[in-house]
Amino acid sequence: MVFRGRDDLRVLLGTVYRALNDWRWGQQAGEGDTRFVIGRGRVAGLPLDDAMVFELGDDGRIRRVRPHLRPWLGTTLFALILGAKMAHHPGVIRRALRG
């Protein structure tokens, strides 16, 4: 799925961060047009870690985000919660599925 535009990203990211508890980001690292940051928190009481990779455009703005979530159980529960909450926004889902 590919989410684009401020309005769709606002819905997605708002939904993501409402599902997480005690989320903390570490320090950013990387060089050139690639950066990454490690995040840790909980989802419904289970641990969830993320190694988030950002690809930047020539203007320094984020062009692409690639999350790498673990462990499996926390990731699965997060996906279920996120899917249920995003179901309230079918237009956003339709646009993201078109890529």
Check: Restricting attention to the range 2-14, does a residue exist that is within 18 Å of Gly99 (Cα to Cα), charged (D, E, K, R) and open to solvent by less than 50 Å² (accessible area, probe 1.4 Å)?
Finding: yes
Margin query: Given the criteria open to solvent by 50 Å² or more (accessible area, probe 1.4 Å), touching a helix residue (DSSP H, G or I) at 6+ places or on another chain (Cβ under 7 Å) and either on the phi > 0 side of the Ramachandran plot or not polar (S, T, N, Q) (or both), does His89 qualify?
Written below: yes
Next item on the list: Six or more apart or on different chains, Cβ under 7 Å: which pairs go from a residue in the range 47-73 that's at pLDDT 95 or above to one that's polar (S, T, N, Q) and open to solvent by less than 100 Å² (accessible area, probe 1.4 Å)? Could you list them?
Entry: Leu48/Thr75; Val53/Thr34; Glu55/Thr34; Leu69/Thr75
Notebook entry, point to check: What are the residue pairs meeting all of these: first residue in the range 10-39, first residue at positive phi, second residue at pLDDT 95 or above and not in a helix (DSSP H, G or I), Cβ atoms under 7 Å, and 6 or more apart or on different chains?
Noted result: Asp22/Gly41; Asp22/Arg42; Gly30/Phe36
Next item on the list: Would you please name the residue that is modelled with the lowest pLDDT, looking only at residues in the range 19-43 that are among the charged types (D, E, K, R) and either closer than 20 Å to Ala79 by Cβ or open to solvent by 90 Å² or more (accessible area, probe 1.4 Å) (or both)?
Entry: Glu31
Check: For the range 44-75, what are the residues that are out of contact with any strand residue (DSSP E or B) (no Cβ under 9 Å at 6 or more places or on another chain) and surrounded by 11 or more Cβ atoms within 10 Å (Cβ to Cβ)?
Finding: Leu46
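The values are calculated or read from the model by the stated rules, or taken from the named source; none is laboratory data. If you're wondering where the values come from, they're calculated on a predicted model, not measured in any experiment. Cβ: placed from backbone, ideal geometry, glycine included. Neighbour counts: every protein chain shown. Side chains included, ligands, DNA and RNA excluded: accessible areas come from the protein's heavy atoms. Shrake-Rupley method; radii C 1.70, N 1.55, O 1.52, S 1.80 Å.
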